[in-house]
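Structure first, then comments.
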C-alpha cells in the first residue's frame, strides 16, 4: 500500500501543472484541495526513504513541488525572495537532477544534504528553516504574564505589523521612535493552509525534544501569539486591516480556528520570547506608555475638547475683529 501511495504521490507531483491531463479530470478538479490536504496529513506521511527510492525510476523535483505548496501560506502577490528560500534542499529529485548536481561538482553543504523524515517535515522546513539559529535556540526568561491581549498592546502603543523576513512564524517586538511594533509573518488562511498548520503543529508536538538546542515549537509559538491577539471578530478584522491575515475564511471562521487550536498548543520558546520582549518594552518605556495610555483611553474627550476649543477661538477672533 505504501508503494502504491508513493507512486500516486510522485505522479501527482509530475502532473501538478494545471495543464496536465490528470488535473483536467472533473473528479480531480473537485477533489484537488482535499488531495492537497491529505498529502500533508501527519497520519498519511510516507517515509522519505520510500519516496527517494521511487524517484530512482522517475524524475520528480520534490523540492520544487513542496516549495510551491508552501507558497500557499503567502498572501497573493507576495513572492518569496530567492535568498530567503529557507535553505535549498536536495535529495529525492530524480535521476536527471541528481546527475546535474554531480556534474556541478558534488553534493553541496550539510544544509543542502538535509533529508526530512517525510513531506510534512519538508514543508515545515521550507517555511522556518531559514530562521536564524540564535532565534531558534534562544531561551527566554519566564515572562511576568503568559498572555497579552490586543487591547493591552494597543494601550501601550505596540502595533501588530507585517514582518518582511523570509521565514514563516516570525513573532517579535521592534521598538520605534514613537511606538513599538509586534512583527508577525502575514499568512493566507484557507481550508487547505489551516489544515497544514494544524498538522505542522501536531508534528512539532510529536517530535518535541528531538533537538537539545531548541524545543522545536516555532510554528506552534506563532499560532499561539495569533490566538492570544484575537478574542472577538473585530480583532480578526483588525489583523486583516493591518494585512497580517488574508484569505477567504470569514472573521468568525478565522476566530474559531485560532481560539480552537490555541487551547491545544504548547507554549514554545518563541512564544515566551515574544512575551519577554513585550515585558521589556513595558519596563523601558514606562513614561511613553503612560502618555500613550492617557491619549488612547481619552482620545474622544481630547478630540471633543480640541474641537470646542477651536470653535471658541474662532468666535473670539470674530469678536475681536468686530471691535
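All of the numbers you see were taken from the coordinates with simple rules; none came from a lab. Since the model is a prediction, treat every value here as computed from it, not as a measurement. Here Cβ is always computed from backbone atoms with ideal geometry, including for glycine, and neighbour counts include all displayed protein chains.
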Cα convex hull volume per residue for the range 174-256, in Å³, equals 106 Å³
Quick calc of log₁₀ I(q)/I(0), the range 115-201, Debye, one scatterer on every Cα, no solvent, q values 0.15, 0.18, 0.19, 0.22 1/Å, result -0.76, -1.02, -1.10, -1.26
Note to self: C-alpha centroids of the range 142-206 and the range 267-323 sit apart, in Å, by 25 Å
The range 134-284 -> Rg/Rh from Cα coords, Kirkwood Rh, value 0.94
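Listed highest first by mean packing, meaning other Cβ atoms within 10 Å per residue, what order do 314-322, 289-297, 156-164 come in?
Highest mean packing first, the order is 156-164, 289-297, 314-322.
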